[in-house]
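**Q** This is the structure I want to talk about, given as structure tokens.
The values are calculated or read from the model by the stated rules, or taken from the named source; none is laboratory data. What you see is a predicted model, and the numbers here were worked out from it, not measured in a lab. Note: ideal-geometry Cβ built from the backbone for every residue, glycine included; neighbour counts use all protein chains shown. Keep in mind that these areas ignore ligands, DNA and RNA; they rest on the heavy atoms of the full protein, side chains included. Shrake-Rupley method; radii C 1.70, N 1.55, O 1.52, S 1.80 Å.
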Amino acid sequence: PAVMIAAGTLLRVRTIDNIDVDSSKAGAKYRASLDDPIMVGGAVVVPKGADTTMEAVKVQQSGKMKGSDLIQLKLISVSVRGTTYPVVTSVVESKGKGEGKATTRKTAGGAGLGALIGGIARGGKGALIGVAAGGGAGLIVSASGQQHLKVPPETRLEFKLESALKVK
């Protein structure tokens with residue numbers, strides 16, 4: 001039987017790929033895995049570790065004199081028991097600052113469809129970089145002291161489902 005995952009459900013993922021603003025562009029796809037299972041009525045509908053795909057919505061490299069690096073990501077698919085489901089989520093934005101830090105906040109989401117990029121998560125050596133904050137406060141991501149923004153593997157990101165997802 002199919003199960004509906006309600007709009008507004010939070011999807012917490014951990015990045016697999018290194019995301020470097022300097023070598024990224026809008027439309028680029030990145031792998032992540034679900035960091036917490038998705039539960040409906042006390043039952044696991046999507047298990048922890050499920051493959052997910054993110055897409056860069058907007059990428060901006062900083063100029064020499066002003067501006068800062070920026071990347072906006074949305075979750076576009078989740079794989080459950082061999083089936084890939086397109087998802088529509090909020091957008092997470094990471095914006096670099098001169099001090100080498102980045103602040104991530106949620107922005108309005110848009111529709112996203114995409115094919116899952118295959119691959120199995122290899123154990124990353126990064127520590128837990130992202131620190132989840134409650135509600136709309138978003139997430140803080142370290143840019144590792146670099147001048148340009150990087151989102152390293154093992155970074156936790158949180159997306160919100162904008163429309164319900166039917167999983168079989």
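**Q** If I ask for residues that are crowded, with 19+ Cβ neighbours inside 10 Å, assigned to a loop (DSSP other than H, G, I, E, B) and either without any contact (Cβ under 8 Å) to a residue 24 or more places away in the chain or of a type in the set (S, T, N, Q) (or both), which ones from region 10-57 would you list?
**A** Of everything in region 10-57, just one residue is crowded, with 19+ Cβ neighbours inside 10 Å, assigned to a loop (DSSP other than H, G, I, E, B) and either without any contact (Cβ under 8 Å) to a residue 24 or more places away in the chain or of a type in the set (S, T, N, Q) (or both), namely 24.
**Q** Name the single residue, out of those in region 58-81 being modelled with pLDDT of 90 or more and open to solvent by less than 10 Å² (accessible area, probe 1.4 Å), that is nearest to residue 160 (Cα to Cα).
**A** Selected residue: 75.
**Q** Which condition number in (1) over 30 Å from residue 96 (Cβ atoms); (2) at pLDDT below 95 is the one that residue 5 fails?
**A** Tallying (1) over 30 Å from residue 96 (Cβ atoms); (2) at pLDDT below 95, residue 5 fails exactly one: (2).
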